[in-house]
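Only one structure is covered here, and it is reproduced in the block below.
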Amino acid sequence: MKKLLLLCCLFFSISFGAIGERLVWDKGATLLTFFEQNGISLRLYYNLSPQDKELTAEIYAGISYYVLRDENNDLLQALIPISEDVQIHIYKDKEDYKMDFIPIVSFSVEKILTLAVQKSPYQDIIDTTHDVNLANEFVNAYKKSINFKKFVIKDDKLAILYTRKYRLGRPFGSPDIKAAMIETNKKPNYIFAYKNGRFYDKNAKEIAGFLLEVPVQYTRISSRFSYGRLHPILKVIRPHYGVDYAARMGTLIHAAADGRVVFVGVKGGYGKTIEINHGNGLKTLYAHMSAFARGIRNGMYVKKGQVIGKVGSTGVSTGPHLHFGVYKNNRPIDPLGSIRTAKSELKGKDKKEFLQVAQGYQKELQEALQQYTFDEQKAHISIKG
């Protein structure tokens, strides 16, 4: 932890003429292009383990990253996030560059947003917080249970209890909604997050969210989703942001849900890859494909179950399989947790524990709403603690 804190301090240090910069990762850029632009030997990439090469493909366009340069504009260090928890650390050691994956140092702030709807829940959240991810999370949580356009009218109240991460003084990643409420016909509709990241109503019944179809007929799951797994050979902890479905070469791959294709091409260690945007911050990724379906192109709309390609072993792969990833506001989530056929209801010990937590959250939201009349100011953000 000491080392990580020191790294963060270095980025805004002016000692020894070092200059820190915050930059945005360009669309289409790869780690290899970053190496070329900064005079780093490509051997550093090619000497990585297959798992690490695959992880470098998780860098996405628009992410903020940080570099530290000397007075000659030569790169000293770089911190490039691949998720909310892990970042690539590149640093100069004498005359050579080295690279590792390290945890991201961040802190969280718990907030409560309350507002009276004026335009729409989505737009009002953005206007108040300037946080598109929070608006997406909120809308997606209620997507299957409430039609906002039909049932939410002007001055209906909403409240959100959530935590926001900050990295180097700036908002980072996606907010975590713990509980929320929105009125319809003056009736409060509560949702509460529980252990598995799904949302439940106050009776512990699951709110049906984003439903995915298994994208391929597979023989077995060769690797499951993990935020940090111990590599059996290298003996180091590495995340695995997806599910690997082992299947025969050429097995058809189907879109897991309706959406628009936002990427078709080669994506680093993932090889031939397709990404599909499903709206409300949700995206699926299909990697290591041997071929794309005829006619699949960037910007086209695909239906759930439509063939988009074939299983292969392109990129960094030990055999034919589909690496299937699911992202929520660019945060990797477990695909198996999103594939379900029916709503579930908590029972026994889980239900008892959930009800206690939910009652506490509900009380906090009610108290926050009661503090304001919303006559003069239509929205309020308070920080807990």
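The values are calculated or read from the model by the stated rules, or taken from the named source; none is laboratory data. Source: prediction; values computed, not measured. Neighbour counts run over all protein chains shown; Cβ positions are idealised from the backbone, glycine included. Please note that ligands, DNA and RNA were not included when accessible areas were found on the heavy atoms of the full protein model with its side chains. Shrake-Rupley method; radii C 1.70, N 1.55, O 1.52, S 1.80 Å.
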Task: Selection within the stretch 56-70 - surrounded by fewer than 17 Cβ atoms within 10 Å (Cβ to Cβ) and aliphatic (A, V, I, L, M) - done: Ala61
Task: Selection from the stretch 21-42 of residues that are open to solvent by 40 Å² or more (accessible area, probe 1.4 Å), part of a loop (DSSP other than H, G, I, E, B) and at negative phi - done: Asp26, Lys27, Thr30, Ser41, Leu42
- [ ] Please state which one of Ser382, Ser344 is in contact (Cβ under 8 Å) with a residue 24 or more places away in the chain and either within 23 Å of the chain's Cα centre (by Cα) or more than 26 Å from Asp124 (Cβ to Cβ) (or both).
- [x] Ser344
Open item on the list: Just checking, does the stretch 312-330 include any residue being surrounded by fewer than 17 Cβ atoms within 10 Å (Cβ to Cβ) and at pLDDT 90 or above?
Closed with: yes
Task: Answer from Tyr97, Tyr45 - the residue that is farther than 30 Å from Glu364 by Cα, in a helix (DSSP H, G or I) and in contact with a Ser or Thr (Cβ under 8 Å, 6 or more places away or on another chain) - done: Tyr45
Open item on the list: For the stretch 143-172, which positions are over 24 Å from Val24 (Cβ atoms), in a loop (DSSP other than H, G, I, E, B) and free of Cβ contacts under 8 Å to residues at least 60 places away in the same chain?
Closed with: Ile146, Asn147, Val152, Ile153, Lys154, Asp156
- [ ] Might you let me know whether the stretch 103-120 holds any residue that is open to solvent by 10 Å² or more (accessible area, probe 1.4 Å), touching a Pro at 6+ places or on another chain (Cβ under 8 Å), in a loop (DSSP other than H, G, I, E, B) and over 30 Å from Asp155 (Cβ atoms)?
- [x] yes
TODO: Answer with yes or no whether Glu353 is among the acidic types (Asp, Glu), without any contact (Cβ under 8 Å) to a residue 12 or more places away in the chain, open to solvent by 30 Å² or more (accessible area, probe 1.4 Å) and not in a loop (DSSP other than H, G, I, E, B).
DONE: yes
Task: Matching option when the condition is open to solvent by 40 Å² or more (accessible area, probe 1.4 Å) and touching a helix residue (DSSP H, G or I) at 6+ places or on another chain (Cβ under 9 Å), among Tyr91, Tyr45 - done: Tyr91
- [ ] Can you work out which of the residues in the stretch 356-383 that are among the acidic types (Asp, Glu) and open to solvent by 100 Å² or more (accessible area, probe 1.4 Å) is nearest to Met181 (Cα to Cα)?
- [x] Asp375
Open item on the list: Considering only residues that are under 18 Å from Lys328 (Cα atoms), open to solvent by 20 Å² or more (accessible area, probe 1.4 Å) and at pLDDT 90 or above, which ones fall in the stretch 175-198?
Closed with: Asp176, Lys178, Ala193
- [ ] Report, by residue number, each residue of the stretch 157-174 that is closer than 14 Å to Leu115 by Cβ and modelled with pLDDT under 95.
- [x] none
- [ ] For the stretch 350-372, state whether one or more residues are under 26 Å from Ser174 (Cα atoms), under 27 Å from the mean Cα position of the chain (by Cα) and of a type in the set (S, T, N, Q).
- [x] yes
Open item on the list: Is it the case, given these coordinates, that Tyr270 is open to solvent by less than 20 Å² (accessible area, probe 1.4 Å), out of contact with any Asp or Glu (no Cβ under 9 Å at 6 or more places or on another chain), of a type in the set (Phe, Trp, Tyr) and in contact (Cβ under 8 Å) with a residue 60 or more places away in the chain?
Closed with: no
